[in-house]
Amino acid sequence: MATSTTPVVKVLEPATEELLAELPQAQIEDVEEAIARAKGAFPAWRAVAPSDRAALLRRFAEAIEDRSEDLAKLETRNVGKPIADARDEMGMVVHLFHYMAAAPERLFGKTIPVAGGIDMTFREPLGVVGLITPWNFPLWLETTKVAPALAAGNTVVLKPAELTPLTALEVERIGRDAGLPEGVFNVVVGPGRTVGERMVVHPDVAKIAFTGSTEVGKRVGQLAAQSIKRVTLELGGKSANVIFADADLEQAALSAPSAVFGNAGQDCCARSRILVERPALDRFMEVFEKAVSALRVGDPLDEQTQMGPLISAGQRSTVASYLEDGAPIAFRGASPEGPGYWFAPTVLCPVSNDDRVAREEVFGPVAAVIPFDDEADAIRLANDTIYGLSGSIWTSDGGRALRVARAIDTGTLSINSNTSVRVNTPFGGFKQSGLGRELGPHALEYYTELKNVYMSTG
Ligand code: NAP
């Protein structure tokens, strides 16, 4: 029970800077208890018949769907994201739970011909899985881990970002009401530095699935290595939107704002380096400017809003610092007055790929337009980064599209489109953007161990 001395987490509403909720902050003993509950629940949960586990996950998905409008509104208020985007995310959350509900009955092994007997493989659950997630797409990113982890027969302890814990707590309650057994799905709201690290080093946690910055991901990887703990890392990005002069420039320029300013630029897949072939630069910038000035920035609960505020005052100062390095501001979009962590969408041009704004993940609505000379130059620039998460290629030449797609070192690419994430296709980073894959059938490999059993028939 919270007392006057219990540390609290104050959850703010970024669009108003007002207090949205106040929660007790988890301490080390709380995370210890959550891990113990998950450990206690594991033997029974892994033994649940696959069809029953599948049915429970479907019930969980349906219960979330029934509450999805409330969850979308809560996410909107807590993150500041437009309500239309939050609704899309809730749709993906429900879809992913349903998709993973099919998994328990399809975790197939193999039989392998060997001398003197039969060799079989099985996919075994890992045990207690610790999940650590960021604030930009809270419930969606939590679901990318919770759904496959539970489907594969693991129990979980989830630590959402302290800035945005509200939908995770709500979904923990929904899971309990839908019939998830006690201890299978646990949420702890506490600081990464203490509670998160305790999960990473805890001997009873078999795996950590982490989404967050590359800097913290490195620390998580180092700590996890001490016990050879399984780890998947979904980290930062600095993706390229490569626009060739032969592309449908109108379409490329009209869709560029959502590719870089979606979620107010707080998106690991943001195409924040816009590489444009020189002959197309003027025309691209002309259409891009019109599209950016038409962006509706404002109250995230308004159905028409396309961009909300940043998550916090700290994030706003960080983003603002990138405008002080001297790269020319080509144009800026709208930004409301008054309370709220607003930041106008900003386009810098021309930017050198060596500038700080082109090398670091800004995580805010700042686009760096970088002109290039030819195909080889585009590939060189796209790859000249420590990251490799996402990206796009715009061209009307199909051969070139595939040639360039194969040459860019990145986990997800779209051609003549800016989408990155689908429930049923793999997602993850090359280079310092991460380790492992989420979504699609591949995700299950990262929540199971492969066991090999040989039986002699002699
Ligand atoms: P962050 O600072 O790395 O935090 C992510 C999570 O890690 C939070 O829950 C945080 O807890 C926790 N944490 C912090 N320090 C920790 C430590 N020493 N040990 C264990 N956990 C720790 O990232 P963020 O600012 O929340 O999110 C933005 C970053 O996430 C960006 O770099 C973005 O690119 C990346 N991201 C990647 C993907 C992807 O799929 N690749 C998707 C979304 C976001 P508290 O904050 O509560 O203390």
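Quick check on my filter: what residues within the stretch 246-283 are over 28 Å from G236 (Cβ atoms) and either without any contact (Cβ under 8 Å) to a residue 24 or more places away in the chain or not in a helix (DSSP H, G or I) (or both)?
Result: D246, D248, D282.
Test D354 against the criterion of being open to solvent by 10 Å² or more (accessible area, probe 1.4 Å), modelled with pLDDT of 95 or more, within 27 Å of the chain's Cα centre (by Cα) and over 30 Å from V11 (Cβ atoms), and give yes or no.
Judged against the criteria, D354 is a match.
Restricting attention to the stretch 153-174, and to residues there that are in a loop (DSSP other than H, G, I, E, B) and not acidic (D, E), which single residue is farthest from the ligand (Cβ to nearest atom)?
First pass over the stretch 153-174, keeping only residues in a loop (DSSP other than H, G, I, E, B): 153-154, 160-165.
Within this subset, residues satisfying the condition of being not acidic (D, E) are 153-154, 160-161, 163-165.
Working: G153: 24, N154: 19, P160: 6, A161: 4, L163: 6, T164: 9, P165: 8 Å.
Once the filter is applied, the top-ranked residue is G153.
Which residue is farthest from L166 (Cα to Cα), if the candidates are limited to the stretch 95-115 and must be surrounded by 21 or more Cβ atoms within 10 Å (Cβ to Cβ) and of a type outside the set (G, A, S)? Spell out the reasoning first.
Quick first cut of the stretch 95-115, residues surrounded by 21 or more Cβ atoms within 10 Å (Cβ to Cβ) only: 96-97, 99-101, 103-104.
Remaining after also requiring of a type outside the set (G, A, S): 96-97, 99-100, 104.
On the way: L96: 20, F97: 19, Y99: 24, M100: 23, P104: 29 Å.
Filtering first and then ranking leaves P104.
Show the residue pairs that are 6+ apart or on different chains and have beta-carbon atoms under 6 Å apart, the first residue being within the stretch 284-295 and open to solvent by 30 Å² or more (accessible area, probe 1.4 Å), the second being outside any loop (DSSP other than H, G, I, E, B).
E289/F331
Just to be sure before I move on: is A151 open to solvent by less than 10 Å² (accessible area, probe 1.4 Å) and in contact (Cβ under 8 Å) with a residue 60 or more places away in the chain in the structure I sent?
Judged against the criteria, A151 is a match.
Which count do you get for residues in the stretch 388-424 that are within 26 Å of V216 (Cβ to Cβ) and either hydroxyl-bearing (S, T, Y) or near the ligand (Cβ under 10 Å from one of its atoms) (or both)?
The total comes to 7.
Which residue, of F427, F372, F363, is within 14 Å of the ligand (Cβ to nearest atom), surrounded by 20 or more Cβ atoms within 10 Å (Cβ to Cβ), of a type in the set (F, W, Y) and closer than 30 Å to S293 by Cα?
F363
Looking only at strands (runs of 3 or more DSSP E) that lie completely in the stretch 96-138, which have at least 3 residues being more than 16 Å from the ligand (Cβ to nearest atom)?
On the way: elements: 111-114, 117-125, 128-132.
Qualifying strands (runs of 3 or more DSSP E): 111-114, 117-125.
Within the stretch 175-208, can you find the residues that are hydrophobic (A, V, I, L, M, F, W, C), part of a helix (DSSP H, G or I) and open to solvent by 10 Å² or more (accessible area, probe 1.4 Å)? Don't jump to the end; show me each part of the working.
Start the filter on the stretch 175-208 by keeping residues that are hydrophobic (A, V, I, L, M, F, W, C), which leaves 178, 180, 184-185, 187-189, 195, 199-201, 205-206, 208.
From what is left, the residues that are part of a helix (DSSP H, G or I) are 178, 195, 199-201.
Once the filter is applied, which keeps residues that are hydrophobic (A, V, I, L, M, F, W, C), part of a helix (DSSP H, G or I) and open to solvent by 10 Å² or more (accessible area, probe 1.4 Å), the stretch 175-208 yields A178, V201.
The values are calculated or read from the model by the stated rules, or taken from the named source; none is laboratory data. Nothing here was measured: the structure is a model prediction, and the numbers come from that model. Note that each Cβ is placed from the backbone with ideal geometry, even for glycine, and that neighbours are counted across all protein chains shown. For the accessible areas, the whole protein counts, side chains as well, though only heavy atoms, and no ligand, DNA or RNA atoms are used. Shrake-Rupley method; radii C 1.70, N 1.55, O 1.52, S 1.80 Å.
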